[in-house]
Amino acid sequence: MRIRVKDTLRSLLRLTAGEVGSRVASFILFAYISRRLGVEILGIVALAQTVAMYVTYGSEQGIRMIGARLVARDASWAPTVVKEVLKKRVLVSLVSVTAGCIYALFGPLPSPARPYVLCFVLAVLPCAFSLDWLAWGLNHLGWLGGWRATVSFVFVIGAVAGVHFTGKAFASITVANAASAVLGAITLWLVWRFSWSRSRYPAQSGRWKVPAEIASELNWTPVMVLGVASILNLMFKNFDTVMLGAMSSTTELGKYSAASKILLVVFGAYYLLTQTLYPQLSRLSSKNMRSVVTRALAVVALLGTFIGIVTAVLAPRILRIVYGSDLSATRLLRILAISVPFDFSAALLGTVLVSRGFDKLVLTTAGGSAAANLAMNWFLIPRLHAEGAAWATFGSYVLLLALFLLVLWRLPHLEDVRAHCGSESARRAVVNGT
């Protein structure tokens, strides 16, 4: 199978249409909070969202990505995969949310942030039932983008309306967040039940015994390996927010959150491409894989460099447009902008490796990068505060890209990646020529 450029662009546009709405909604919320409630509440909400994100990743443990990978290979497996994924996600979600609640109550957090963090963590529970991964794997990217936008706008509209009419920030923001999570979970289940008819996905091949393949892929070992890799990758990307909350002031946290949210828009737009490619890479034949990756890497590196330069030059104007003032975050945004080409390149290589089954190598690489990121933040934040976190982010992206390049260079043949991943199902796939 080859990746068709036209199909990829069509899928990307479908996902982009909804994702743009989601990003716009997020920007509206943070701009409103900074103008109406101040930079400290902005930092607290950003911290609560970050902790909730870790709890969400903990509740997934790689199950979401493996589920998407399975249905991308053969859509007729979807009904069985949904049942298996649901059982595992509910179990790990209970554990993850419990750990998050303990952290919210007793962890190193600013006192004003504790109730926000606790409520955002509890709102993760409905996510255990979400079928966004199914839409991803089945290439229903229009539905996926629209779903994300709807959930984001429900949250933002509810929060802004609540603050405006009641003046109660905590109740308005936390209730709106929980309501959007519940609505999101219910919506995709209804779509799966009434729109994505199972009869539309006939068996595509007899390459594998379906129950054995699903059982092998969703075994706890590969699930935990990919889950830990995902959490480490998330730690690498935004654990600095958690550490700032523990080691600095809410003002510094707010400034850093303001700058990093700008970059999240840039990264989020790019991740649309990697998300679009992931199911197709999972189905892609092995021929000329290394040359395809090399050319793609050169393109995204140049694109990232251009975006980073533009962001750095326009940093003060961007901050004033979004937040009403630069919030003393111009230098922070410029430091973070330097990391854009490194993030783009590393994200591409990570997506390629995971889609080809290199879960354990990704775990090792993400673990090394996350450890370095923690060490740099631990050293720099007490000395430079928010600016230290920004420099740690840049250094970590450089290291992550270097490690991914080293991994790819040491592989004798990128097209044989699944033969190295250690799972019996991957070895069978290679033998069968997929």
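The values are calculated or read from the model by the stated rules, or taken from the named source; none is laboratory data. No experiment lies behind these values; they were computed from the predicted model shown. Here the Cβ positions follow ideal geometry from the backbone for every residue, glycine too, while neighbour counts run over all protein chains shown.
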Considering only residues that are surrounded by fewer than 17 Cβ atoms within 10 Å (Cβ to Cβ) and modelled with pLDDT of 75 or more, look in the stretch 184-215 and name the one that is farthest from TYR116 (Cα to Cα).
PHE194
Among SER249, SER291, which is the only one that is surrounded by fewer than 20 Cβ atoms within 10 Å (Cβ to Cβ), at pLDDT 75 or above and over 25 Å from GLN61 (Cα atoms)?
SER249
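Which one is nearest to ARG64 (Cα to Cα), of the residues in the stretch 98-140 that are over 22 Å from the mean Cα position of the chain (by Cα) and small (Gly, Ala, Ser)?
Initial filter on the stretch 98-140 (over 22 Å from the mean Cα position of the chain (by Cα)): 102, 105-115.
Next cut, small (Gly, Ala, Ser) only: 107, 111, 113.
On the way: GLY107: 28, SER111: 33, ALA113: 29 Å.
Step by step, filter the stretch 98-140, then rank; the result is GLY107.
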Is it the case that the stretch 80-99 has a residue that's in contact with a Lys or Arg (Cβ under 9 Å, 6 or more places away or on another chain) and not small (Gly, Ala, Ser)?
yes
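Conditions tested, residue by residue: (1) touching a residue at least 24 places away in the same chain (Cβ under 8 Å); (2) within 13 Å of TYR270 (Cβ to Cβ); (3) under 21 Å from the mean Cα position of the chain (by Cα).
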| residue | (1), (2), (3) |
| --- | --- |
| GLY308 | yes, yes, yes |
| ALA312 | yes, no, no |
| LEU319 | yes, no, no |
| ARG334 | no, no, no |
When the stretch 44-88 is checked residue by residue, the ones that are over 22 Å from ASP240 (Cα atoms) and not in a helix (DSSP H, G or I) are GLY62, ASP74
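Could you check, for the stretch 57-67, whether at least one of its residues is surrounded by 24 or more Cβ atoms within 10 Å (Cβ to Cβ) and either in contact with a Phe, Trp or Tyr (Cβ under 6 Å, 6 or more places away or on another chain) or free of Cβ contacts under 8 Å to residues at least 12 places away in the same chain (or both)?
yes
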Just to check your reading of the model, which residue among VAL39, VAL51 is on the phi < 0 side of the Ramachandran plot, of a type outside the set (Ser, Thr, Tyr) and under 16 Å from the mean Cα position of the chain (by Cα)?
VAL51
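With under 21 Å from VAL55 (Cα atoms), at pLDDT 90 or above and of a type in the set (A, V, I, L, M, F, W, C) as the only criterion, which of ALA161, ALA128, ALA169, ALA176 stands out?
ALA176
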With the structure loaded, tell me whether ILE321 is in a helix (DSSP H, G or I) and closer than 19 Å to ALA258 by Cβ or whether it fails that test.
yes
Could you count how many residues in the stretch 324-353 are among the charged types (D, E, K, R), under 11 Å from TYR397 (Cβ atoms) and part of a loop (DSSP other than H, G, I, E, B)?
0
If HIS140 satisfies every condition in (1) more than 22 Å from VAL51 (Cβ to Cβ); (2) surrounded by fewer than 20 Cβ atoms within 10 Å (Cβ to Cβ) but one, which is the exception?
(2)
From the list VAL92, VAL71, VAL97, VAL85, which one is out of contact with any Ser or Thr (no Cβ under 6 Å at 6 or more places or on another chain), β-branched (Val, Ile, Thr) and either modelled with pLDDT of 90 or more or surrounded by fewer than 22 Cβ atoms within 10 Å (Cβ to Cβ) (or both)?
VAL97
Qualifying residues in the stretch 353-412 (those that are among the β-branched types (Val, Ile, Thr) and modelled with pLDDT of 85 or more) - the one surrounded by the fewest Cβ atoms within 10 Å (Cβ to Cβ):
VAL398
Residue pairs, Cβ under 8 Å, 6 or more apart or interchain, first in the stretch 348-373 and in contact (Cβ under 8 Å) with a residue 24 or more places away in the chain, second surrounded by fewer than 23 Cβ atoms within 10 Å (Cβ to Cβ) and of a type in the set (Phe, Trp, Tyr). List them.
THR351/TYR278; VAL354/TYR278; SER355/TYR278; ALA370/PHE239; ASN373/PHE239
